[in-house]
There are 2 protein chains.
Amino acid sequence: MRPQEIIATKRDGKALSDDDIVAFIDGVCDGTWADYQITALVMAMFIRGLNRREQYSITGAMLNSGTIMDFSDIDAPKGDKHSTGGVGDKTSLLIAPLAAACGVAVPMISGRGLGHTGGTLDKLESIPGFNVNLSFANFKKVLKKCGFALAGQTNEIAPADKKIYALRDATSTVPYIPLIVASIMSKKLAEGLDALVLDVKTGTGAFIPKYAETLKLAKSLCETGKTFGVNTKAIITEMNQPLGKYVGNALEVFECLKLLRGEGEEEMKPSLDLSVELTATLLVQCKIAGTMENARDKIRRALATGEALERFRKNVELQGGDPKICDKPEMLLTKGLTEVKVFAESSGYIADVDSLAIGSMVGEIGGGRQKAEDKVDHAVGYACIRMIGDRVQAGDEIGIIYCRKNQAAKVTDRLRGAYKVSREITRTTKLIRAVV
Amino acid sequence: MRPQEIIATKRDGKALSDDDIVAFIDGVCDGTWADYQITALVMAMFIRGLNRREQYSITGAMLNSGTIMDFSDIDAPKGDKHSTGGVGDKTSLLIAPLAAACGVAVPMISGRGLGHTGGTLDKLESIPGFNVNLSFANFKKVLKKCGFALAGQTNEIAPADKKIYALRDATSTVPYIPLIVASIMSKKLAEGLDALVLDVKTGTGAFIPKYAETLKLAKSLCETGKTFGVNTKAIITEMNQPLGKYVGNALEVFECLKLLRGEGEEEMKPSLDLSVELTATLLVQCKIAGTMENARDKIRRALATGEALERFRKNVELQGGDPKICDKPEMLLTKGLTEVKVFAESSGYIADVDSLAIGSMVGEIGGGRQKAEDKVDHAVGYACIRMIGDRVQAGDEIGIIYCRKNQAAKVTDRLRGAYKVSREITRTTKLIRAVV
C-alpha cells in the first residue's frame with residue numbers, strides 16, 4: 001500500500017485497517033514515509049477522526065516500533081505515574097521515592113520541558129552530576145538497587161511516537177485525544193508495567209482546559225491501558241494555579257527535598273498532598289494496600305521514618321549526583337539571583353492565577369525551552385507566596401521572580417494581571433476533581 | 001503569524017484571511033514553511049474547504065509569487081489554450097499554429113507528461129534539436145517572429161505552485177477543485193493573456209471523470225479568469241477514448257504534421273475537429289472573428305493555404321528543431337520498433353475504451369514518466385485503429401502497440417479487456433459536451 005492510498009482513505013473519512021496503520025508506523029520508522037506525508041495523514045486523522053480500534057491499533061504499532069522493557073526478573077510489582085503536565089508540578093520526584101519505599105518498582109521514563117511546562121529531566125539535572133542518560137542495563141540496575149530509576153526516552157522506546165510528536169507540534173495537530181492517548185500510552189506501555197496511575201490536569205493551566213474533554217481523555221487513557229493489560233487509573237486534578245510553592249528546576253527539587261525531610265512550608269503542601277494521593281492509588285492498584293486509607297498510612301510511615309528520603313539519596317548516588325543535597329537542600333539554591341517581587345494590585349481574595357503566564361515567564365527567563373535545542377538555566381524560577389482563596393491587601397507581596405540580573409528589567413510588570421483579586425471569596429481550589 | 005496558527009485556523013474549519021494566505025505562499029517561497037507544514041495546511045484545506053475569496057486569494061498569491069509576463073509591446077491579442085489533460089491529446093500542437101496564422105499571439109507555457117497523460121514538452125522534444133528551455137527574451141522573440149512560442153514552466157512562473165503541486169501529488173490532495181483552479185490559473189495568468197480557452201475533460205479517461213464535477217471545475221476556472229481580467233471560456237469535452245489516432249510523443253507530432261499538411265487519416269479527424277473548435281472559440285474571444293462560423297472559416301483557410309504549416313515550420317526553426325520534418329513527417333517515425341497487435345475479443349460494436357489503461361501502458365513502455373526524473377522514450381506509442389461505435393468482428397485488429405523489442409513480451413495481453421464490445425450500438429461519442 002502506497003502512502004498516497006492510505007492518506008486518501010483517511011482524507012475521505014474512512015477507517016484505516018490495522019494493516020494500513022502498521023504500514024504507516026513502519027514507514028515512519030524506516031523513512032519510506034516522508035515527513036510531509038506523515039503530517040498530511042495526521043491532519044486527516046485530526047479532522048476526520050479515529051475510531052477506538054484505530055486508536056488502539058496506532059498505540060500498539062507505536063509501542064511495537066521500539067523496545068518493550070522486560071522487568072520480569074524483578075519480584076516487586078512494576079508501577080509508574082504519568083502526568084499530562086502542569087506548572088510547578090514536581091510530583092514525580094516525590095511519588096517515585098514514596099512508591100519505592102512502599103515496595104513498588106518504579107521504572108520512570110520522563111521528558112524535558114517545552115513551552116510553559118517543565119520537565120522532570122531538567123529538574124533532575126539541577127542536581128550536580130545527576131545523569132538521566134542511562135543504558136537499559138544501567139536503568140535496571142538502579143531500579144533494582146533503590147526501587148526507582150529516572151531516565152529520558154531513548155531512541156529505542158516508541159521511536160515512531162518521537163518523530164510523529166515533533167511533527168504534530170509543528171503542524172497544530174497535538175490537541176486531539178486519540179493521538180494524545182496513543183502518544184502517552186505507547187511510551188508508558190513500553191515500561192513493562194503492572195499498574196499505571198495518571199494525573200490528568202484540567203483547568204486554565206492544563207493543556208486540555210475543559211473538564212468534559214479532560215474526562216474524555218482520562219477515560220480513553222484508562223481503557224487503552226486496560227486493553228493492553230495494564231491496570232490503569234486516572235485522577236483528574238485542577239491546574240488553575242501552580243502546584244505547590246515553586247516553579248523552576250532547582251527550586252522544585254528543593255521543594256521536594258524539604259517535603260521528604262518533613263520540613264515543608266505551608267505553600268508546599270499541595271505538592272505533597274497530590275503525591276500522596278497518586279502514590280496511594282498506585283499502591284492499591286499494585287495490591288500493596290487494600291484500601292486508600294491503608295495506603296496513605298504506609299506512605300506517611302515511609303515519610304516519617306525517612307525511608308523515602310533514603311530512597312531518594314540512594315537514587316541520586318546511583319545516578320551520579322551529589323547526595324549531599326539530601327542533607328542540605330539549600331545547596332540547590334543559587335546565590336546572587338535578582339528577586340523581583342510581585343504585588344497584589346487590589347485588596348480582596350485571590351480568585352484566579354494565570355499559571356500559563358507564570359509557566360511561560362519562567363520558561364522565557366531561561367527556566368524552560370522555546371525550542372527543543374535550547375539550553376536551560378536551572379537556577380531561575382518563581383515562588384508563589386499567596387494562593388487562590390488567600391486574603392490580600394493591595395501592595396501585599398504575592399510572589400517572587402528569581403532571575404538573572406540582566407533579566408530583571410524584562411520581567412518587571414511581567415505578571416501584571418496574572419492574579420485576579422475579588423472582593424468576596426469566589427472559589428477555592430479542590431485539588432482532586434475525579435477518579436476514573 | 002506563525003505557520004502553526006494559520007494551520008490551526010483551517011484545521012478548525014475557519015476561513016483564512018488574505019494576510020494568512022499571503023503569509024503561507026510567502027513562506028512556501030522563502031522556505032520558512034517546512035514541507036510538512038505545507039502539506040498539513042493543504043490537507044486541512046482539502047477536507048475543510050476553501051471559499052471563493054480564499055480560492056481567488058491563493059490564485060493571486062501564487063501568481064504574484066513569480067513573474068507575470070509582459071507582452072504589451074506586441075500588438076496582436078494574446079491568447080492561449082489549456083487542457084486538463086487527456087490521452088492522445090495533441091491539440092496544443094495544432095491550436096498554436098492555427099491561432100497564430102489567424103492573428104493571435106500564443107505564448108504557450110506547457111508541462112511534461114506524468115502518469116497516464118502525455119506532456120506537450122515531451123512531444124516537442126521528439127523533433128530533433130527542438131529546444132523548450134527558452135529565456136524570457138528568447139521566448140518573446142520567437143513569439144514575435146512566428147506568432148507562437150512553446151516553452152516549459154521556468155522557476156520564475158508561479159514558483160509557489162510548482163512546490164505545492166509536487167507536495168499535493170505525494171499526499172493525495174490533488175483532486176480538490178479550488179486547489180486545481182488556483183494551480184492552473186496562477187500559471188496561465190502569468191502569461192499576460194487577453195483571452196484563455198480551456199479544454200476541460202470529462203469521462204472515464206479524465207482526471208475528474210464525473211460530469212457534474214467537471215462542470216463545477218469549468219465554471220470555477222472561468223470565474224477565476226474573469227476575476228483576474230482575462231476573457232476565459234471553457235469547453236467540456238469527452239475523454240472516454242484516446243483523442244485521434246496516436247498516443248505517444250513522436251507519433252502525436254507526426255499526426256499533427258499530417259493534419260497540418262492536409263494528409264490526415266480518418267482516425268486523426270477528432271484531433272483536428274477539437275483543435276478547430278478550441279481555436280475558433282479563441283478567435284471569437286479575441287474579436288478576430290465575430291461568430292464561430294466566421295472563425296472556423298478563417299481556420300480552414302489557414303489550413304488550406306498552408307499558412308498554419310508555415311507557422312509551425314518557422315517555429316521549429318526558431319526553437320532549434322529540424323524543419324525538414326514539416327516536409328517529411330515520416331522522419332519522426334523510428335524504424336525497427338516491434339508492433340504488437342491488439343485484437344477484438346468478440347463481435348459487435350465498440351462500446352467503451354479504457355483510455356487510462358492505454359495511457360498507462362504507453363507510459364510504462366517508456367513513453368511517459370512514473371517519476372518526474374524519469375527519461376522518456378519518444379519513439380514508442382499506440383495507434384487506435386478502431387473507435388467507439390465502430391463495428392468489429394472477433395479477431396479484428398483494433399490497435400497496435402509500438403514498442404522496443406525487449407518490451408514486446410511484457411505488453412502482450414496488456415490491453416486485454418481495455419475494449420468493451422457490445423452486440424448493439426450502446427453509445428457514440430460526442431466530442432463536445434458543453435461550452436461554459
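The table that follows gives values for the structure above.
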| item | result |
| --- | --- |
| Any hit, segment B:48-68, residues being assigned to a helix (DSSP H, G or I) and within 12 Å of chain A (Cβ to nearest Cβ) | yes |
| Checklist (1) crowded, with 24+ Cβ neighbours inside 10 Å; (2) free of Cβ contacts under 8 Å to residues at least 40 places away in the same chain; (3) within 13 Å of A:Ile109 (Cβ to Cβ) applied to A:Ser172, failing item | (3) |
| So B:Gly359, is it assigned to a loop (DSSP other than H, G, I, E, B) and either within 23 Å of B:Lys81 (Cα to Cα) or open to solvent by less than 50 Å² (accessible area, probe 1.4 Å) (or both) | no |
| Output for segment A:276-301, where each listed residue is closer than 12 Å to A:Ala100 by Cβ and within 23 Å of the chain's Cα centre (by Cα) | A:Thr279, A:Leu282, A:Leu283, A:Cys286, A:Ile299 |
| Residues being more than 29 Å from the chain's Cα centre (by Cα) and within 23 Å of A:Arg168 (Cβ to Cβ) - total across segment B:28-47 | 6 |
| Candidates B:Ile21, B:Ile38, filtered to the one that is touching an Asp or Glu at 6+ places or on another chain (Cβ under 8 Å), assigned to a helix (DSSP H, G or I), in contact (Cβ under 8 Å) with a residue 40 or more places away in the chain and among the aliphatic types (A, V, I, L, M) | B:Ile21 |
| Members of segment B:2-27 found to be surrounded by 16 or more Cβ atoms within 10 Å (Cβ to Cβ), within 16 Å of B:Glu54 (Cβ to Cβ) and more than 12 Å from chain A (Cβ to nearest Cβ), listed by number | B:Leu16, B:Asp20, B:Ile21, B:Val22, B:Ala23, B:Phe24, B:Ile25 |
| Filter result for B:Ala8 (at pLDDT 95 or above and closer than 16 Å to B:Ile164 by Cα) | no |
| Criterion (crowded, with 24+ Cβ neighbours inside 10 Å, of a type in the set (A, V, I, L, M, F, W, C) and not in a helix (DSSP H, G or I)) met by exactly one of B:Leu217, B:Leu243, B:Leu251, B:Leu221 | B:Leu243 |
| The lone exception for B:Leu167 - which of (1) over 16 Å from the mean Cα position of the chain (by Cα); (2) over 21 Å from B:Lys371 (Cα atoms); (3) among the aliphatic types (A, V, I, L, M) it fails | (2) |
| Sole residue being open to solvent by less than 30 Å² (accessible area, probe 1.4 Å), closer than 26 Å to A:Ser135 by Cβ, in contact (Cβ under 8 Å) with a residue 24 or more places away in the chain and not assigned by TED's automatic domain parsing to the domain that holds A:Lys210, chosen from A:Ile68, A:Ile58, A:Ile74, A:Ile95 | A:Ile74 |
| Condition met for B:Ala34 (over 20 Å from B:Ala234 (Cα atoms) and touching a strand residue (DSSP E or B) at 6+ places or on another chain (Cβ under 9 Å)) | no |
| The lone exception for A:Ile109 - which of (1) open to solvent by 20 Å² or more (accessible area, probe 1.4 Å); (2) outside any helix (DSSP H, G or I); (3) in contact (Cβ under 8 Å) with a residue 40 or more places away in the chain; (4) not assigned by TED's automatic domain parsing to the domain that holds A:Cys286 it fails | (4) |
| Restricting segment B:29-39 to residues that are within 22 Å of A:Ile164 (Cα to Cα) and more than 8 Å from chain A (Cβ to nearest Cβ), the residue that is least open to solvent (accessible area, probe 1.4 Å) | B:Trp33 |
| Given (1) surrounded by 24 or more Cβ atoms within 10 Å (Cβ to Cβ); (2) of a type in the set (Lys, Arg); (3) without any contact (Cβ under 8 Å) to a residue 60 or more places away in the chain, index of the condition A:Lys210 fails | (1) |
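The values are calculated or read from the model by the stated rules, or taken from the named source; none is laboratory data. This one's a predicted model, so the numbers in the text were calculated from it and none came from an experiment. Neighbour counts run over all protein chains shown; Cβ positions are idealised from the backbone, glycine included. We work out accessible area using only protein heavy atoms, side chains counted, and drop any ligands, DNA or RNA first. Shrake-Rupley method; radii C 1.70, N 1.55, O 1.52, S 1.80 Å.
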